[in-house]
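Report on the structure given below.
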Amino acid sequence: MKIPNGHEVIQLFEQFSPKGLAMEGDKIGLQIGRLNKKVERIMIALDVLENVIDEAIEKNVQLIIAHHPIIYRPLKNLLTDTVQGKMIEKILKHDIAVYAAHTNLDVAKGGVNDLLANALGLEDAEVLVPTFDTKLKKLVVFVPASHAEVIRKVLGNAGAGFIGNYSHCSFSANGTGRFVPGENTNPFVGEAGRLEEVEEVRIETIVPEPLLKKTITAMIKAHPYEEVAYDVYPLENKGEVLGLGRIGKVHEMTLGEFAEKVKLALEVSTVRVVGDLSTKIKKVAVLGGDGNKYFMNAKFQGADVYVTGDIYYHTAHDAAMQGLNMIDPGHNVEKVMKKGLTATLQKMCQETGYTVEIFPSEVNTDPFQFV
């Protein structure tokens, strides 16, 4: 086990939520501070406000991973007698790095929208608004027969070989490998300067492009050879479709009953509802944050109700005219990412051998209260 630096933590995090998933122009990545330092305590936050910064200072945090960027619009200046300037000054004085994962975390498998769908109990959930087709690669590696099973397992555990609902898929063919070890080598088989023939297995598998680097690293680490022979081919096969929002099924209930379910599941005291509360609900769409412009996606895919935040007055009218019920539990319900991301990143760090404490921010950053 080792204490990682910030770069190592973020490299691991971006395997789960790659920057390439973000919507064009989104403000993501490292926004304040530095990553070339040891990181022992990480706090997961929805927003980065002054009370969140104070919490991070009190808990001796070196890295904040937030969903909402602290710098969303370009700064023309940095004045420390302004609210935002004071916050940034405080962050820098305490050497805290702030990293933002916004729409890439919305889109990511296991990210914000999956967490919301799980909380609402959606079954057979699918992507509501496709935004990203995962590119696939074919990875071929040659390994001595004695280590073939080990390498197949390592590849599968790293995320290779997923086809639909099947995992650890691969193909193997036996053959003969030939090589001459050069000077100053320490071959697993053979002697320097002498042609060697080895019974080898050619293993082929499919790898999503975002997992390719991780998979190759794991493969090389487990491979017995000093120099690993492998090939990577681009594929025309379509990979997994990712995107914003989710749509799935629930057990039939009324809109009123489902509204109560939303309140309980997302830990809010009130929701705004568009539609007749006695309407029967079976199919539900959900999209974290402001999902106003995607209400017709929910309608076209047959949703009985669309759960999203920040519903505009005229959007509510438009949806009602289309016969689509809506529930607005607020933007802040994206707070589900705090516990969800904490668990995911903690597991990844443990599996990688990193000693780091990760915990969710406990500060309430919802600006609204109801009286």
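Overall, the anisotropy analysis places the range 289-371 in the oblate class: the square-rooted eigenvalues a ≥ b ≥ c of its C-alpha gyration tensor yield a/c not less than 1.5, with a/b not exceeding b/c.
Rounded, prolate or oblate: which one fits the range 146-216, using the alpha carbon gyration tensor with axes a ≥ b ≥ c (rounded when a/c is under 1.5, else prolate when a/b beats b/c, else oblate)? Could you put the intermediate results ahead of the total?
Working: a/c = 3.34, a/b = 2.17, b/c = 1.54.
Taking the square roots of the gyration eigenvalues as a ≥ b ≥ c, the range 146-216 is prolate.
Principal-axis analysis of the Cα atoms of the chain puts helix 148-157 at an angle of about 10° to the longest axis.
Give the shape of the chain as rounded, prolate or oblate, defined through the alpha-carbon gyration tensor: a ≥ b ≥ c are the square roots of its eigenvalues, a/c under 1.5 means rounded, and otherwise the shape is prolate if a/b is larger than b/c and oblate if not. All intermediate terms of the calculation are to be shown ahead of the outcome.
On the way: a/c = 2.82, a/b = 1.54, b/c = 1.83.
Oblate is the answer for the chain, as a/c is 1.5 or above yet b/c matches or exceeds a/b.
A simple spin-label model places pseudo-atoms 7 Å from Cα toward Cβ; at E183 and Q350 they are separated by 5.1 nm.
Here the range 230-360 carries DSSP beta bridges of which approximately 55% are antiparallel, counting only pairs with both residues inside.
Using the average count of surrounding beta-carbon atoms within 10 Å as a protection proxy, the listed peptides 222-235, 32-45, 283-296, 55-68 rank, highest first, as 283-296, 55-68, 32-45, 222-235.
Against the chain, whose longest principal axis comes from its Cα atoms, helix 255-265 is set at around 60 degrees.
When you count the other C-beta atoms within 10 angstrom of each residue and take the mean per peptide, 154-164, 250-260 line up highest first as 154-164, 250-260. Of L345, L30, the order by accessible heavy-atom surface (1.4 Å probe, DNA, RNA and ligands excluded), from most exposed downward, is L30, L345.
Only helical runs count toward this figure. For the chain, summing -39,500 (n - 2.57) over DSSP H runs of n ≥ 4 and dividing by all residues gives -8500 deg cm²/dmol at 222 nm.
Distance cut-off 25 Å, Cα to Cα: go down the list K263/K335; K38/K153; K2/K213; K19/K339 and report the pairs above it.
Details: K263/K335 14 Å; K38/K153 32 Å; K2/K213 21 Å; K19/K339 21 Å.
Violating the 25 Å Cα-Cα cut-off are K38/K153.
Only protein heavy atoms count here; on that basis, with a 1.4 Å probe, Y99 has an accessible area of about 0 Å². Packing order of peptides 106-117, 266-277, highest average first: 106-117, 266-277 (average count of other Cβ atoms within 10 Å over each peptide's residues). For the chain, the per residue solvent-accessible surface stands at 53 Å², with DNA, RNA and ligands left out and a 1.4 Å probe.
Could you put T103, T344 in order of accessible surface area, largest first, with the 1.4 Å probe and the full protein assembly present? Display every interim value, and only then the final one.
Values: T103 20, T344 40 Å².
Greatest to least solvent exposure: T344, T103.
The values are calculated or read from the model by the stated rules, or taken from the named source; none is laboratory data. Computed from a predicted model, the values in this text were never measured in an experiment. Counting neighbours? That spans all protein chains shown, and the Cβs are built from the backbone with ideal geometry, glycine included. These area figures cover heavy atoms from the full protein model, side chains too; ligands, DNA and RNA do not enter into them. Shrake-Rupley method; radii C 1.70, N 1.55, O 1.52, S 1.80 Å.
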